[in-house]
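Some notes on the structure that comes next.
The values are calculated or read from the model by the stated rules, or taken from the named source; none is laboratory data. Computed from a predicted structure; not experimentally measured. What goes into the accessible areas is simple: the full protein's heavy atoms, side chains included, and nothing from ligands, DNA or RNA. Shrake-Rupley method; radii C 1.70, N 1.55, O 1.52, S 1.80 Å.
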Amino acid sequence: HSSTVPLEFVTTKQMLIRPSLPLLLAAIASKSSAFVPSLPSVSPQIDIGTARVVLASTADENDDAPAAAAAAASGSEAETSTATKTTTKKKATLGLITFDLDDTLYPVGPVFTEANQAFANAMHSFGYDGIQPNDIAETGRAVREEMAAQSADQASALSFTETRMKAIRRQMEGVRLLRSLEDVAKEWATPVSGLSPVVVENCKKFAMKEVSDSQVQAVYNAWEMERHHSAERHLYPEVIDMLETIKKEHPGVVIGAVTDGRANPLLMPFTLAPYFDFCVSWEDDQGGRQKYFQELNEATDEEQLMWIYEAALDKYREIECLRTGLKKRGEICEVGEPDCEKIWVHCGDDLAYDVGGSAACGARTILMELADKYEQTERVDKRKKNRPVWDLMSKAEIEQREQMNEEAEDQVTARVAFITRLTEAISDILEDIDEEGS
């Protein structure tokens, strides 16, 4: 060892240095050309108020230096441990976001108008002339009303796809029946109104046999295909940017769709498909679908409309488990549980279905109550006190839905009038959760 040692190289055994001051000592030493003498018999005392280093003889005190340093280090470790516990508490993150589709990501009015036109065109291609675009909706409502009069349970379990298929078949049978009656009346040289009930009944049976299931399915397929093509054409301009921002700001987020109809973003390859991980429809599962529609018919509160959102959670679990798993401060948890790091947000335009049902499953909800420029058909028609011409719901279903809408008002977490505001609303929700947990 040299006779002098720079201050920054003096060890704890040679001098009493409080653990929080080495950098201060080094800084003071670096500004001075003086060196500290070899220190078997000296150690510094720090006057923090004036930042002066005073060297004094402390040969006796040096014997206690190791114990003092150990005690100081122990206190430092305790402080560090406490700080670590404070800083390791993770903030809430967006684990799952689900969207309703119709009137949430695009206006459903023009979509159904164009899909119904495709229905009429397909009917014409099979030789059923005279069919109007809205005939499928009017006939569909009649089907649901008639079934409701016979059996409320059967009517409530009837999906919108089944309703349209029955409407298409009834339209085809009606055209076939009229042709058959006209042929018989012409052959018998009598007006159609003069045909006996027995003849009319036999003509009905003949018309039913003449309509094939394959033709019904083909017409429906044309309707559904145009529904998806039209949705892509009418997608709100801000939607793609919004989805890209969500993926950028929330890495690893799972994006899903929850719908009560046949719309599916995964069948929209030019717009939504690249951004969505899954789609759940009320009509996907045969048994679950029937259960849902029966629940909907009997529902008195939001908790009875949970089936579809539980199915969405199942999809999320499958996807997330393939990634990192659901974590609750390092442990397995369900999204939506208190203190779960991963948060679920559902966005939709309907209070009863979107807000009430998802909130009952633990989701934070954003009501897409968009400005007039978005032309949300449902909201516009509600203000006009009439239903859209394409709507298939019966009067009883409409009244029930209005009651459920009122009950779901308290479950709204946030409202947005512009799609560009959605990402901010999500951030606000996460911040509020962090503040509640702090």
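Worth a mention:
- Extension gain (nm, one decimal) between Q132 and D153, 0.36 nm per residue minus Cα-Cα: 4.5 nm
- Inverse mean reciprocal Cα-Cα distance (Kirkwood Rh) of segment 113-236, Å: 15.9
- Per residue accessible area in Å² of segment 210-284, where ligands, DNA and RNA are left out and the probe is 1.4 Å: 41
- Segment E210-D434, extension gain: residue separation times 0.36 nm, minus the distance between their alpha carbons: 74.2 nm
- Note on segment 170-264: Cα-Cα pairs beyond 24 Å make up 54% of the total pair count.
- Sequence-distant contacts, meaning Cα pairs under 8 Å at least 6 residues apart, place the relative contact order of segment 117-273 at 23 percent.
- For segment 188-197, 3J(HN,Hα) computed residue by residue from phi via the Karplus equation (6.51, -1.76, 1.60; θ = phi - 60°) reads 8, 6, 9, x, 4, 5, x, 6, 6, x Hz, glycine and proline entered as x.
- Measuring only protein heavy atoms, the 1.4 Å probe finds L94 accessible over about 10 Å².
- Global geometry of segment 119-173, whether rounded, prolate or oblate, following the gyration tensor of its Cα atoms and the 1.5 cut on a/c: prolate
- Under-5 Å amide H pairs with V254, H placed in peptide plane, nonlocal only: L96, I97
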